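In what follows, a structure is listed as structure tokens, so that the remarks can point back to it.
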Amino acid sequence: MNPSAPHTLPLSLQRVRRISRWMVAACWALLVALPLALVVYWATASEAQLASHANLPAQAVAGPLALWQRVAGAVVTALPLGLLLVGVWQARRCFGMFAQGQVFTLQATALLGRFAGWVAWAALASMLASSATSVLLTLNNPPGQRHLSVGIGSDHVFTLFFAGLVWLMAAVIAQGQTLAEENEGFV
């Protein structure tokens, strides 16, 4: 009898494996949908919406944006998204291991820690990207009406907190795994 067969696993591990398969699918959906959403957003959003996204008042953008401004803004905001997607890729790999029943392994723990690190970098890059975007959006404004906005929102703070929390949990799990391996060596 195969010990990894689904019918012989404890119900809690079966649930973890099932949910992990769903999470792998959700990660794939994010990896595809988020870049597409970014392109659609920058192609279709009004100047007021883009200004708001860059921490500017709605009327800060004087006149229609040039195509190069939309493209440059999309590229700048794609950087934090790219960092986030690298984190989602790490999470996808981690969930893939969980789906195979590899729950408490050093590799899964390392992937969880990498996920947290990439999410933290994405949050920091997002703060810088919104400032750069504010300059890009108002670059064609007349002198004296150009803007540089700097904003740190609660979403940035929460994302950094979440990333730190996940990173710490991964570090604690890794320490527990190391101690368990050491204890097995004594027995």
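Things worth noting here:
- Filter result for the condition that a residue is more than 28 Å from Gly117 (Cβ to Cβ) and part of a helix (DSSP H, G or I), over Ala62, Ala51: Ala51
- The listed residues are Ala78, Ala108, Ala120, Ala116, and the only one of them that is among the aliphatic types (A, V, I, L, M), assigned to a helix (DSSP H, G or I), over 12 Å from Cys27 (Cβ atoms) and touching a Pro at 6+ places or on another chain (Cβ under 8 Å) turns out to be Ala78.
- Count - residues of region 74-129 that are of a type in the set (A, V, I, L, M) and farther than 30 Å from Ala51 by Cβ: 10
- Selected residue (only one of Ala116, Ala163, Ala123 is among the small types (Gly, Ala, Ser), more than 29 Å from Arg18 (Cβ to Cβ), surrounded by 18 or more Cβ atoms within 10 Å (Cβ to Cβ) and within 21 Å of the chain's Cα centre (by Cα)): Ala123
- Ala91 vs. criteria assigned to a helix (DSSP H, G or I), touching a helix residue (DSSP H, G or I) at 6+ places or on another chain (Cβ under 9 Å) and either farther than 15 Å from Val16 by Cα or touching a residue at least 60 places away in the same chain (Cβ under 8 Å) (or both): yes
- Look at (1) surrounded by fewer than 19 Cβ atoms within 10 Å (Cβ to Cβ); (2) more than 17 Å from the chain's Cα centre (by Cα) and you find that Ala78 fails only one, number (2).
- Here Met97 meets each of (1) crowded, with 17+ Cβ neighbours inside 10 Å; (2) under 30 Å from Ala25 (Cβ atoms); (3) under 18 Å from the mean Cα position of the chain (by Cα) with one exception, condition (3).
- Ala26 farther than 21 Å from Ala125 by Cβ, exposed (fewer than 13 other Cβ atoms within 10 Å of the Cβ) and among the aliphatic types (A, V, I, L, M): no
- Between Val150, Val119, the distinction of being in contact with a helix residue (DSSP H, G or I) (Cβ under 6 Å, 6 or more places away or on another chain), at pLDDT 95 or above and of a type in the set (A, V, I, L, M, F, W, C) belongs to Val119 only.
The rows are residues; the columns are (1) farther than 26 Å from Asp155 by Cα; (2) out of contact with any helix residue (DSSP H, G or I) (no Cβ under 6 Å at 6 or more places or on another chain); (3) at pLDDT 95 or above.
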site	(1), (2), (3)
Ala29	no, yes, yes
Pro35	no, yes, yes
Tyr41	no, yes, yes
Ala45	no, yes, no
Gln49	no, yes, no
His53	no, yes, no
Gln59	no, yes, no
Gly63	yes, yes, no
Gln69	no, no, no
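The values are calculated or read from the model by the stated rules, or taken from the named source; none is laboratory data. A quick note: this is a predicted structure, and the numbers were derived from the prediction, not measured. Cβ atoms come from the backbone with ideal geometry, glycine included; neighbour counts cover every protein chain shown.
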